[in-house]
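The values are calculated or read from the model by the stated rules, or taken from the named source; none is laboratory data. Keep in mind that this is a model prediction, so the values were computed, not measured. FYI the Cβ positions are ideal-geometry reconstructions off the backbone, even for glycines, and counts take in every protein chain you see. Note: accessible area is taken over every heavy atom of the protein model, side chains too, but ligands, DNA and RNA are not part of it. Shrake-Rupley method; radii C 1.70, N 1.55, O 1.52, S 1.80 Å.
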Amino acid sequence: MEKTAQLDIAGNLYSLPIVEGTEDDKALDITRLRNDTGYITLDPGYGNTGACISSITYIDGDRGILRYRGIDIAELCERSTFMEVCYLLIYGELPTAEEFAKFKDQVLFHSLIHEDMKSFFTSYPGHAHPMAILSAMVCSLSVYHPQLMEAMQPATERDETIARLLSKVRVLAAFAYKRSVGEAFVYSRPELDYLSNFLHMMFTTPMRSYQPDPVIRKALDVLFMIHADHEQNCSTSTVRMVGSSKANLFAAISAGICALWGEWHGGANQAVIEMLEAIQRDGSNHRKYIDKAKDKNDPFRLMGFGHRVYKNYDPRASIIKKYCDEVLNHLGINDPALEIAKGLEEAALTDEYFIERKLYPNVDFYSGIMYRAMSIPTNMFTVMFALGRLPGWIAHWKEMIEEPAMKIARPRQVYTGPTQRPYVPLAQRSAK
Ligand code: CMC
């Protein structure tokens, strides 16, 4: 029998269907509430709103669990690769050897961008933020592939669009970086794997050919796997929202990149390093910054701390912390920012303010230190996050577009502006 909940509105009882997930998620289905009662639900920031039913990623924020298609993130980071995780997220299962070879070939095949696009990059000022360039370039890709613009493509063409995006966004990111440092663009080398090829396009110069370092490559693979999906976060919801109008995939991903940019979301990795540098310049007194973060009259927040969903240690942060130590040791780097970060973490985790609010280090707290050790400039950190998040965005877009009962996203509101009033001509308006 269908489970229901009773809602009592001024003595009138309404029955709401209960929806349950495979991991004990519970929801009240309110899709008919407004029609039946005239009421909507109000939830600014969507903290308590389920916008869809999804089978991609499971998070239990209280227990610090993150799983892609049922597989624990720590196990994936240890045993899988980013390319395999892309396939898993997008197509729902780990690939067979044959499926994986075909998928990798498709991605490899599309690792060039139209030559004309190079001139777009040079039109940006050298100091342009690479996230601005990346979102514009991803949207511009649609111009060069008009045949792939249709949101409702047959499955084989959709796979083609997905492979193109996965491959080309990496090229666009590397070119955006080259533009920001004023170096010549470097073309892809088809014999290299996805990540080594990306590092080659970033770091090869006319003077030096980039030599892949297995420790760095593995660490980057892990960072990308960790970033690959996080269910209905701000940027993924943006991709779904834009895609729900049947805008093409390029447009939806471009919007997701913009949403990720903000410092409360993916932009936090850049903000963390800037914060750690500021603390260092200020004498490395992390206690002072803990106090600032607690002061309600001070807008300062401890960047890389807190999360809407995790009310426990972010499982991604513990994995990154381990690799961060490994990468710095491997490269023989002694980064004072790491010491400040560890000091801040220790102080915050024993402070009543942070304990009460269940604020823990999140994915962005240590990732910037690792990117910096890999010689990736600070303004590229969020681009790295975007590259990692790409398969997640694609998987959610695909899941939504393949849903037969897909609906355009269109929330409601509670209006609190003036009630109807007449227009007053300018000459009759009195001065305030
Ligand atoms: N430093 C100090 N206080 C904080 C912080 C912080 N980083 N984060 C939350 N709080 C306080 C906040 O002031 C509020 O206190 P009170 O109850 O006294 O008003 C309480 O904790 C709850 O905060 P909230 O703003 O209601 O929580 P939220 O779920 O809306 O915000 C967040 C989540 C991530 C935007 C927020 O924790 C934050 O701004 N963190 C810093 C930015 C950051 O690291 N973002 C990256 C998130 S992980 C990457 C990703 O997946 O996007």
**Request:** Report Rg (one decimal) and Dmax (nearest whole number) for the range 321-377, counting Cα atoms only, units Å.
**Result:** 12.7, 38
**Complete:** About its Cα centre, the chain carries a charge dipole, from +1 on Lys and Arg Cβ atoms and -1 on Asp and Glu Cβ atoms, whose size in debye to the nearest 20 is 1500
**Loop trypsin sites (Lys or Arg not before Pro), the range 1-86, which have at most 16 other Cβ atoms in a 10 Å radius of their Cβ (DSSP)** = K3, R32, R63
**Request:** Beta carbons within 10 angstrom, averaged per residue: use that to sort the peptides 273-279, 80-86, 101-107, 219-225, highest first.
**Result:** 219-225, 80-86, 273-279, 101-107
**Message:** If you take every residue apart from T22 with its C-beta less than 13 Å away from the C-beta of T22, what net charge results, scoring Lys and Arg +1 and Asp and Glu -1?
**Reply:** -2
**Shape metrics for the range 47-177, restricted to C-alpha atoms - Rg then Dmax, Å** = 17.6, 49
**Asked** For T4, which sequence-distant residues (separation of 5 or more, or a different chain) have an amide H within less than 5 Å of its own amide H, given hydrogens modelled in the peptide plane?
**Response** I18
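Could you give the semi-axes, largest first, of the ellipsoid that matches the range 4-65, computed as the square roots of 5 times the alpha carbon gyration tensor eigenvalues and rounded to whole Å?
With the √(5λ) rule applied to the range 4-65, the semi-axes are 26, 13, 11 Å.
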**Request:** Determine the calculated [θ] at 222 nm for the chain from helices alone, applying -39500 (n - 2.57) to every DSSP H run no shorter than 4 residues and normalising by the residue count; nearest 500 deg cm²/dmol.
**Result:** -16000 deg cm²/dmol
**Complete:** Ordering Y124, Y68 by the accessible surface of their heavy atoms, 1.4 Å probe, largest first, yields Y124, Y68
**Complete:** Per principal axis, largest first, the Cα atoms of the chain extend in Å by 76, 65, 57
**Message:** Over the chain, with a Gaussian network built from C-alpha contacts below 10 Å, which listed residue (E345, E263, E99) shows the highest mean-square fluctuation?
**Reply:** E99
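How large a share of the accessible area of the range 291-341, in percent, is made up of carbon and sulfur atoms when the probe is 1.4 Å and the other protein chains stay in place?
With neighbouring chains kept in place, the figure for the range 291-341 is 48 percent.
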**Item:** Solvent-accessible area of Y310 with every protein chain in place, 1.4 Å probe, in Å² to the nearest 10
**Value:** 0
